[in-house]
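Right, one structure below, let's go through it.
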Amino acid sequence: MSDVCGRWRHSFEEDHDDVRVYRPAGFDFPRARGRGGIEFRPDGTFVDWAVGPADANEPREGTWATGAERESLEVTTAAGERRVVRIVRLDPDRLELRMGGRS
């Protein structure tokens, strides 16, 4: 699952059905007010880059690990909230995730 590591920005214009689409941080996005993202680090830490009050990104840290099911990740926030995330597609320039429920 090391291919998922890196900082990804939410490409909300490309979201479809219940799938969220992310592009690498250096992707040339169209202009938008506030664009969140996620970051999976090789050491197992996770950052949810939420859009803050002034459209600036605010980090919300946690951890991630490979899930019990194939192509899934278990994400845990600093507050202890756990979520299973399914990888729908993973290419060098595109990450598609189906966000699961809380556990």
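Each reported figure results from applying straightforward, stated rules to the coordinates on display, with no laboratory input. The structure displayed is predicted, hence computed values, not measured ones. When we count neighbours, we look across all protein chains shown, and the Cβ atoms used for this are built from the backbone with ideal geometry, even at glycine.
Between C5 and D43, the modelled label-to-label distance comes to 1.2 nm, taking each label 7 Å out from Cα in the direction of the beta carbon. Close amide-amide hydrogen proximity is noted between V88 and E96, L97, R98, each under 5 Å apart and 5 or more residues distant or on a separate chain (H modeled in the peptide plane; Pro and chain starts excluded).
For the range 52-65, putting each phi into the Karplus relation 6.51 cos²θ - 1.76 cosθ + 1.60 with θ = phi - 60° gives couplings of x, x, 9, 6, 8, 6, 10, x, 10, 8, x, 10, 9, 8 Hz, in residue order, rounded to whole numbers and with x for Gly and Pro. Our coupling estimate for the range 80-88, obtained by passing each phi through the Karplus curve with A = 6.51, B = -1.76, C = 1.60 and θ = phi - 60°, is x, 6, 10, 9, 9, 10, 9, 7, 8 Hz, Gly and Pro reported as x.
Checking every one of the GluC sites (Glu not before Pro) in the range 23-94 against DSSP loop status and a limit of 15 other Cβ atoms within 10 Å picks out E69, E71, E81.
The candidate values were (i) 20, 16, 13; (ii) 62, 15, 9; (iii) 17, 16, 14; the one computed from these coordinates for semi-axes √(5λ) of the Cα gyration tensor in Å carries the label (i). Normalising the average separation of contacting C-alpha pairs (under 8 angstrom, six or more residues apart) by the number of residues puts the relative contact order of the chain at 23 percent.
Between T63 and F27, what FRET efficiency comes out of the Förster formula 1/(1 + (r/R0)^6) with R0 = 25 Å and r the beta carbon distance, rounded to 0.05? Before the final figure, lay out each step's value.
Numbers: r = 25 Å, r/R0 = 1.02.
Result of the calculation: an efficiency of 0.45.
What does the charge dipole of the chain about its Cα centre add up to, to the nearest 20 debye, if the Cβ of each Lys and Arg holds +1 and the Cβ of each Asp and Glu holds -1?
Numbers: 17 positive and 20 negative charges, 28 e Å.
The dipole of the chain has a size of about 140 debye.
Coupling constants for the range 16-32 follow from the phi torsions by the Karplus curve (6.51 cos²θ - 1.76 cosθ + 1.60, θ = phi - 60°), and in residue order they are 8, 6, 10, 10, 9, 10, 10, 10, x, 3, x, 4, 7, 7, x, 4, 7 Hz; glycine and proline get x. Just to verify a number: FRET efficiency for V51 and R98, C-beta to C-beta distance, R0 = 25 Å, to 0.05? Using R0 = 25 Å, I get an efficiency of 0.75.
When only DSSP loop residues count, what trypsin sites (Lys or Arg not before Pro) in the range 1-55 have their Cβ near at most 10 other Cβ atoms within 10 Å?
Working: sites: R7, R9, R20, R31, R33, R35; in loops: R31, R33, R35.
Answer by residue number: R31, R33.
Compare the peptides 54-60, 84-90 by average per-residue count of other Cβ atoms within 10 angstrom and give them in order, highest first. It would help to have the intermediate numbers written out before the result.
Working: 54-60: 11.6, 84-90: 16.0.
The most tightly packed comes first, giving 84-90, 54-60.
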